[in-house]
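Written below as structure tokens is the structure these notes are about.
The values are calculated or read from the model by the stated rules, or taken from the named source; none is laboratory data. Just so you know, these numbers come straight off a predicted model, no measurement behind them. Reconstructed Cβ throughout: ideal geometry from the backbone, glycine too, with neighbour counts over all protein chains shown. For accessibility, only protein heavy atoms count, side chains too; no ligands or nucleic acids. Shrake-Rupley method; radii C 1.70, N 1.55, O 1.52, S 1.80 Å.
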Amino acid sequence: RFVSNFIEDNRYMYLVRGLITTLVITFFAVMIGALLGFIIAIIRSTYSKTGKLRVLNFLCNIYITVIRGTPVVVQLLIIYFVIFGSVNINKIFVAVLAFGLNSGAYVSEIVRSGIMSVDEGQFEAGRSLGFNYNQTMRLIILPQAIKNILPALGNEFIVLLKETSVCGFIALEDLTKAGDIIRGRTYDAFMPLIAVALIYLTLVIIFTKLVNYLERRLRNSDH
Ligand code: ARG
């Protein structure tokens with residue numbers, strides 16, 4: 001009883017639960033965003049290289065324009081209150097969907113720029129060796145593209161982690177909301193909000209180190 005009271009009443013538990021919510025949303029949104037981003041980038045590159053997939057390319061362009069042309073908070077609100085407005089739906093699922101769809105548009109442009117950064121000669125070399133279009137893309141172009149875009153992809157993860165702080169708009173208790181709840185209940189603004197900021201900062205620093213390490217390893221494998 002004492003333990004369960006402690007866990008329920010303790011203000012730090014808000015932060016812990018909020019942190020877990022933030023991490024869960026970010027993790028799954030990044031997965032969706034990366035998957036979507038790669039698919040769209042490949043569709044659009046294929047269209048510009050070969051002229052195939054015209055309709056899909058057109059749909060992707062609309063998707064990218066709409067997603068990048070509207071704030072992610074508005075997208076989140078629309079998905080929650082308009083699209084799923086009349087059904088009882090898990091808010092974390094809504095947030096994952098909103099941030100995943102949002103991230104996909106940005107990731108697709110990152111991946112596309114990576115594909116374009118690989119010299120055209122690599123493509124011609126692949127085709128000369130007898131690889132077909134798909135094999136060239138998968139075995140020669142994409143591995144080099146991914147190496148080039150790793151810093152930008154890492155940045156996208158960081159953006160997404162911080163961007164999930166707006167999910168309090170649909171009353172999701174993420175890390176930011178948790179800090180704000182504590183602020184409201186204790187009349188102390190300084191401690192909870194600074195704590196929240198420090199937690200985000202720590203996460204971002206750890207993640208940046210991780211990406212730098214990965215970058216170095218990929219660069220070393222060049223030699
Ligand atoms: N804050 C901007 C917006 O509201 C950026 C959204 C997320 N950006 C990203 N790279 N996933 O639209």
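The lysine pair tally for the chain, using Cα distances under 30 Å and a gap of 8 or more places or different chains, is 9.
Sorted into 5 angstrom bins from 0, the C-alpha pair distances of region 31-152 split as 2, 11, 18, 19, 17, 12, 8, 6, 4, 2, 1, 0 percent.
From the square roots a ≥ b ≥ c of the eigenvalues of the alpha-carbon gyration tensor of region 149-209, which class results: rounded (a/c under 1.5), prolate (a/b over b/c), or oblate? Judged from the Cα gyration tensor, region 149-209 comes out oblate (a/c at least 1.5, b/c at or above a/b).
Phi angles of region 55-66 translate, via the Karplus equation with coefficients 6.51, -1.76, 1.60 and θ = phi - 60°, into HN-Hα couplings of 5, 4, 4, 4, 5, 4, 4, 4, 4, 5, 4, 5 Hz per residue; Gly and Pro are given as x. On the basis of the beta-carbon distance and an R0 of 41 Å, Ala189 and Asn155 show a calculated FRET efficiency of 0.85.
Taking all protein chains together and rolling a 1.4 Å probe, Ser86 ends up with roughly 120 Å² accessible.
Find the relative contact order for the chain and round it to a whole percent, using C-alpha pairs within less than 8 Å whose residues are 6+ positions apart.
On the way: 226 pairs, mean separation 62.9, N = 223.
Relative contact order here is 28 percent.
Send over a whole-number figure in Å² for the accessible area per residue of region 84-149, probe 1.4 Å.
On the way: 3320 Å² over 66 residues.
Per-residue accessible area for region 84-149 comes out at 50 Å².
Largest GNM mean-square fluctuation across Gly154, Gly51, Gly18, computed for the chain with C-alpha springs under 10 Å, falls on Gly51.
Given the C-alpha centroids of region 46-78 and region 114-180, what is the distance between them in whole angstrom? After rounding, the separation between the Cα centres reads 16 Å. What a 1.4 Å probe finds exposed on the chain is 65% carbon and sulfur by accessible area, rounded to a whole percent. Computed over protein heavy atoms with a 1.4 angstrom probe, the accessible surface ordering of Thr70, Thr136, largest first, is Thr70, Thr136. When nucleic acids and ligands are ignored and a 1.4 Å probe is applied, Ile89 ends up with an accessible area of around 40 Å². Here the calculated FRET efficiency for Leu77 and Asn10, from their Cβ-Cβ distance with R0 = 35 Å, stands at 0.65, rounded to the nearest 0.05.
What number, rounded to the nearest 500 deg cm²/dmol, is the helix-based mean residue ellipticity at 222 nm of the chain, given -39500 (n - 2.57) per DSSP H run of at least four residues and division by all its residues?
On the way: 10 runs with 175 residues, N = 223.
My calculation for the chain gives -26500 deg cm²/dmol from helical runs alone.
The stretch between Leu201 and Gln122 holds 24.5 nm of extra length on full extension. This uses 0.36 nm per residue minus the Cα-Cα distance. Estimated at 0.36 nm per residue, the fully extended path between Ser48 and Lys162 surpasses their Cα-Cα distance by 37.7 nm.
Ordered by 1.4 Å accessible area with all protein chains kept, Thr26, Thr50 run largest first as Thr50, Thr26. Within the listed set Leu97, Leu172, Leu139, the Gaussian network model of the chain (springs between alpha-carbon atoms below 10 Å) gives the highest mean-square fluctuation for Leu139. Surface listing: Thr21, Thr208 arranged by accessible area from highest to lowest gives Thr208, Thr21, probe 1.4 Å.
Within the chain, the longest run free of trypsin sites (Lys or Arg not before Pro) that sit in a DSSP loop with at most 13 other Cβ atoms within 10 Å is 53-223. Accessible surface of Tyr200, taken over heavy atoms with a 1.4 Å probe and every protein chain present, rounds to 30 Å². Sorted largest first, the principal axis extents computed over the alpha-carbon atoms of the chain equal 72, 47, 29 Å. Using a Gaussian network model of the chain in which every pair of alpha carbons under 10 angstrom is joined by a spring, one finds that among Gly126, Gly33, Gly114 the greatest mean-square fluctuation is at Gly126.
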